[in-house]
Amino acid sequence: MSRRRIGFWYRFAAVLCKPPLMVLIKRDWRGMENIPAEGGFITAVNHNSHVDPFAYGHFQYNTGRVPRFLAKSSLFRKGFVGAAMRGTGQIPVYRESTDALSAYRAAIDAVERGECVAFYPEATLTRDPDLWPMTGKTGAARVALQTRCPVIPVAQWGANHLLAPYAKKPDLLPRKTHQVLAGPPVDLSRFYDKEMTPDLLKEATEVIMAAITAQLELIRGEKAPTTPYDPRQVRIEQRRRTRGKGETYGQDETYGQEEQETAVQEKAVREMTEVEHEKGHGK
């Protein structure tokens, strides 16, 4: 399927965003030849700065295949930012469990229209102390296996030097370099024609995350930890320590509610995947 035209809103956003990005950061971008020229595909990108969606978006825009990001729904609601998010075709993600499937469906539809859908599989800024990619969520793997589209692993580094994770003030001088390395498509063929069980999706996600990490190792010139940082396991360990110290039950309950909400969302998407698979959607 042919690719979609960039459109007015994306060009307008580029006019606004590219000049400050050109001033603030230098560019070391490699792997553009791995970005498909035609047809729908996914990019799976690591996330280590609140600035890197703009810096990576600049890279992707320059390939001629603009990304459709999955972004929190509140950004779509009001004012100029909401109009720009809607106009550029970004995909809203709703935290409420009743709307958990809408982003998944929209991502599949976008890929099938020949779009590039950009996933941050970690779903948040990395919490790894050395800013290596964490364990990923299964959304990118679900869409990839449903559509059998190419998955391009993209590693980026340098926006975190401009604005460190969770920092409030940027470090403008000296001028920072944003490095991007897009790798060849991840081979997920061994997962095709199999039931999309939680274990299979977890394994496919691990393959995607390993490919991103391998690209980042090339950029940084060092090896990542053997075991990726897993925020869920860290929360479980923190809860154990909290219980051991005799903290209040209410804090443990909060952790349980968060995990329960995640489980409800994952179950809903899994059930929807099974229905779509039975209908032959995406084939």
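The values are calculated or read from the model by the stated rules, or taken from the named source; none is laboratory data. From a predicted model like this one, the values you see are computed outputs, not experimental measurements. Glycine also receives a Cβ, built like all others from the backbone with ideal geometry; neighbour counts cover every protein chain displayed. The protein model used for the area step is the full one, side chains on, heavy atoms only, and it has no ligands, DNA or RNA in it. Shrake-Rupley method; radii C 1.70, N 1.55, O 1.52, S 1.80 Å.
Key figures for this structure:
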quantity: Residue, modelled with the lowest pLDDT, within segment 1-30, restricted to residues that are within 26 Å of Pro174 (Cα to Cα) and either touching a Leu at 6+ places or on another chain (Cβ under 9 Å) or not in a helix (DSSP H, G or I) (or both); calculated: Leu24
quantity: Test: residue in segment 52-63 that is closer than 24 Å to Thr124 by Cβ and outside any helix (DSSP H, G or I); calculated: no
quantity: Residue check for Pro184: closer than 30 Å to Arg27 by Cα and modelled with pLDDT of 95 or more; calculated: yes
quantity: In segment 57-84, residue most open to solvent (accessible area, probe 1.4 Å) [restricted to those that are modelled with pLDDT of 90 or more and among the hydrophobic types (A, V, I, L, M, F, W, C)]; calculated: Phe69
quantity: Unmet requirement for Glu222, which otherwise passes all of (1) part of a helix (DSSP H, G or I); (2) of a type in the set (Asp, Glu); (3) under 19 Å from Trp132 (Cα atoms); calculated: (1)
quantity: Residue match in segment 115-127 (condition: surrounded by fewer than 21 Cβ atoms within 10 Å (Cβ to Cβ), more than 15 Å from the chain's Cα centre (by Cα) and touching a residue at least 12 places away in the same chain (Cβ under 8 Å)); calculated: no
quantity: Hits in segment 12-71 (condition: without any contact (Cβ under 8 Å) to a residue 60 or more places away in the chain, farther than 25 Å from Asp109 by Cβ and of a type in the set (S, T, N, Q)); calculated: Asn62
quantity: Test set (1) surrounded by 16 or more Cβ atoms within 10 Å (Cβ to Cβ); (2) free of Cβ contacts under 8 Å to residues at least 40 places away in the same chain; (3) part of a loop (DSSP other than H, G, I, E, B) - Thr227 fails condition number; calculated: (1)
quantity: Filter result for the condition that a residue is under 28 Å from Thr227 (Cβ atoms), open to solvent by 10 Å² or more (accessible area, probe 1.4 Å), part of a loop (DSSP other than H, G, I, E, B) and of a type outside the set (S, T, N, Q), over Pro170, Pro185; calculated: Pro185
